[in-house]
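Structure record follows, encoded as structure tokens.
Bear in mind these aren't lab numbers, they're just calculated from the coordinates by the rules spelled out. Keep in mind that what you see is a predicted model, and the values were worked out from it rather than measured. All Cβ positions, even for glycine, are placed from backbone atoms using ideal geometry, and neighbour counts span all protein chains on display.
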Amino acid sequence: MNTGLDTQKFTEERKTVLQSWPTGSEVDLEEAFAFHQSLPKKKVCSIRLQEALDQQVVLLQPRAGVALVDEHIRLLSFLQEESDLLPTTIDAYTRQNKYADAQKGIERSEQAQRSLLNGFPAVNHGVHGCRSIIEALDKPVEIRHGTPDARLLTEIALAGGFTSYEGGGISYNIPYAKNVPLEKSIRDWQYVDHLVGIYEAHGCSINREPFGPLSGTLVPPCVSHTVAIIEGLLALEQGVKSLTLGYGQAGNLVQDIAAMRVLKKLADGYFRQMGYTDYQLSTVFHQWMGGFPESEAQAFAVISWGGVVASLSGATKVIVKTPHEALGIPTKEANRDGLLATRQSIQMVADLSPLDTLRISEEEELITSEVTCLMRSVIELGAGDLAAGAVRAFEAGVIDVPFAPAVCNAGKVLPVRDNDGAVRLFDTGSMPLSSDILAYHRDKIAHRAKQEKREASFQMVIDDIYAISKGRLVGRPT
Amino acid sequence: MEQINVVLGVIGSDCHAVGNKILERYFSAEGFSVTNLGVMVSQDEFIDAAIETGAEAILVSSLYGHAEIDCEGFRDRCLERGLDHVVLYLGGNLVVGKTDQTAVEQKFLDMGFDRVFSGSHNELTDQAQLLRDDIMASRNGKRHRAG
């Protein structure tokens, strides 16, 4: 049910959650509120976001996380100068609530003197470990992860002083889990949002950021926007006040600018329509989330292009990739270089007044109509309950994320680029789009197929998936 | 052509799904009978599926950097469970951080994998033939063991 959680039930549930790993006992809400209230403004994410919204600048944020506290602080301290907002990326074991495995990773990392985990195991390090990060740095730090059941992680991270928290019941299930029922992840994220709401009610601002890019692989804007809007609404219902909605760069300039512009408009529209008025809304643009070229020079070009588009599309912040993306987790130097390239590219176009072309406004209209079709169906399916509507929408394939691992996702939709490189729907699955929208996608793809003198096929989709890593946007036949 | 059964999946707590779906289509199109376990597969799930389907190869992917922990003891576990001749392939971004790929590949070959594809091998060209050859060699009692 999309309704604020019952206080008594929530209190009971909290006891169980906090007992699921020893560090849960370190959480003391009253003391945590006092810690948050004592934080200087420069460390509070929503304050920094508001400054960026007011000044219309783009904030830069990398991804970073390693196994040990001191090593993690050294890494973030190194990245701090070139970043506006800092991350703490959580390791994959913690994301699956495998704290014993994470503990093994910590011990082996201590022995090996290098990180064997792909992120920071915040639950194992506990409230005190998290506090030492917040205390050591001068900028807001966000937890970034991919955790279907993030209840304990949230308890520890918020008590630990983090002022921003990524994720959502859909966006941290569909791309990050295999067998977790959507009802369960949505319910577990209502717990997260409810806890954030409690901090907000005590004057402690916690920014919440649904994960925009989903599978990061040719996701059509209408799919990710619909998920972002639903997660925004679910969060607001639990008392969240500061929201950042995201979108992953698709690659075509026109489509990306249009998508970012309508994301905020559409979200504001639905939020107000559903009666929410007291919130701060910002946007985040993710630089290309698909496969990267191995060559660092080529990777820098992809990164810089992402910076340009983040700026031209009016994003409040941009999540930055690194020249090591093709090979996995970057060195700290490569991470900093991604930030430097992004900063330069943003500042090359930051002074340009907004681009207004007919093609951008046409694309904005298209995405708006698509999202309207999908949201109408979700709301109808829910019959007054948006959470149930979301679950049923995934069951029915009304929302369908391409290339996602979760079994609760239909996986019938197949995207492909059109001749301009914009992401279109090759197989529309069961998404309830109007006949004129379906015809538009069909025509756009037919046009490309004709230009390439081949049929549109799964091979064309694969060609597009690998195209950027091989040096171009559209996967043309060789 | 004779039917060859193989098991495919992404090991550990890794949820990278895209390459897995592409590999499934590639090896199926090349005539293999592919049991795709998808993402987040444990060593025992790989082995259970291989025993159940009579698979002659297990194709393991790891994209998130935890392969050293997740793959430890995989060959021994196969032997314990009676899979004496199964061909083991491993591919992906195997360790955290940019490191020397040859050294990385050697580390996993030493663990008992028959072939290791470290880094971004995004061209699927002769891997199907390679796999077929390795399976034939294994039937004849010869393990490939590169490096």
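A few remarks follow.
- Three-way shape call for region A:117-230 based on the alpha-carbon gyration tensor, with the a/c threshold at 1.5: prolate
- Think of each Lys and Arg Cβ as +1 and each Asp and Glu Cβ as -1; about the Cα centre, that makes the dipole of region A:107-245 roughly 220 debye.
- Legend: mean number of C-beta atoms from other chains within 10 angstrom of residue C-beta atoms, peptide A:113-125, equals 2.
- Chain A: relative contact order in percent, alpha carbon pairs under 8 Å with at least 6 residues between: 15
- Degrees separating the helix A:99-112 axis from the principal Cα axis of chain A, which is the longest one: 80
- For region A:253-265, 3J(HN,Hα) per residue [Karplus equation, 6.51 cos²θ - 1.76 cosθ + 1.60, θ = phi - 60°, Hz, x = Gly/Pro]: 3, 5, 5, 5, 5, 4, 4, 5, 5, 7, 4, 5, 4
- For chain B, averaging the sequence separation of C-alpha pairs within contact (under 8 Å, six or more residues apart) and dividing by the residue count gives a relative contact order of 22 percent.
- Against the rule of thumb 2.2 N^0.38 Å, how large the Cα Rg of region B:1-53 comes out: 1.12
- Here region A:7-349 is assigned +1 on the Cβ of each Lys and Arg and -1 on the Cβ of each Asp and Glu. Its dipole about the Cα centre then comes out at about 420 debye.
- Taking the charge dipole of region A:7-349 about its Cα centre, with +1 at Lys and Arg Cβ atoms and -1 at Asp and Glu Cβ atoms, the residue from A:Gln111, A:Ser77, A:Phe300 reaching farthest to the positive side is A:Phe300.
- Peptide A:452-464 - average C-beta neighbours from other chains (10 Å radius): 1
- 0 to 90° range, to nearest 10: angle between helix A:386-395 axis and chain A longest Cα axis: 50
- Region A:97-119-region A:355-375 distance, computed between alpha-carbon centres (Å): 46
- Share of alpha-carbon pairs per 10 Å distance bin for the protein assembly as shown, given as whole %: 3, 17, 28, 28, 17, 6, 1, 0
- Each residue of region A:345-358 is assigned a 3J(HN,Hα), and the resulting list reads 5, 5, 6, 6, 10, 4, 8, 6, 6, x, 6, 10, 10, 4 Hz, derived from the Karplus form 6.51 cos²θ - 1.76 cosθ + 1.60 (θ = phi - 60°), x at Gly and Pro.
- Helix A:182-201 vs. chain A, principal-axis angle (Cα, 0 to 90°, nearest 10): 60
- As a ratio to 2.2 N^0.38 Å, the alpha-carbon radius of gyration computed for region A:1-108 takes the value 1.36.
- Over all orientations, chain B has a Cα convex hull whose mean projected area works out to 7.8 square nanometres.
- Along region A:166-179 the Karplus relation, 6.51 cos²θ - 1.76 cosθ + 1.60 evaluated at θ = phi - 60°, assigns HN-Hα couplings of 8, x, x, x, 9, 6, 9, 10, 3, x, 10, 9, 10, 10 Hz to successive residues, with x for each Gly and Pro.
- 32 Å Cα-Cα threshold exceeded, pairs from A:Lys9/A:Lys178; A:Lys444/A:Lys470; A:Lys264/A:Lys450: A:Lys264/A:Lys450
- Ordering A:34-40, B:87-93 by mean Cβ neighbour count within 10 Å, with the highest value first, yields B:87-93, A:34-40.
- Summary of packing: across the peptides B:7-20, A:128-141, A:207-220, A:78-91, the per-residue average of other C-beta atoms within 10 Å ranks them, highest first, as A:207-220, B:7-20, A:78-91, A:128-141.
- Only the Cβ atoms of Lys and Arg (+1) and of Asp and Glu (-1) were treated as charged; on that basis the dipole of the protein assembly as shown about its Cα centre amounts to roughly 680 debye.
- Cα centroid separation, region A:435-478 to region A:1-77: 42 Å.
- Chain A, helix-only ellipticity at 222 nm - DSSP H runs n ≥ 4, -39,500 (n - 2.57), divided by all residues, nearest 500: -16500 deg cm²/dmol
- Taken residue by residue and averaged, Cβ atoms of other chains lying within 10 Å of the Cβ of B:18-24 number 5.
- Cβ crowding within 10 Å averaged over residues, with A:440-453, A:238-251, A:359-372 ranked highest first: A:238-251, A:359-372, A:440-453
- Using a cut-off of 19 Å between Cα atoms, the listed pairs A:Lys265/A:Lys321; A:Lys41/A:Lys139; A:Lys321/A:Lys412 include A:Lys265/A:Lys321; A:Lys321/A:Lys412 as exceeding that distance.
- Restricting attention to chain A, close to 15% of DSSP beta bridges with both partner residues there are antiparallel.
- Alpha carbon centroid spacing (whole Å) that separates region B:1-63 from region A:145-192: 29
- Binning the C-alpha pair distances of region A:7-349 at 10 Å intervals from 0 yields a P(r) profile of 6, 27, 38, 24, 5, 0 %, listed from the shortest bin outward.
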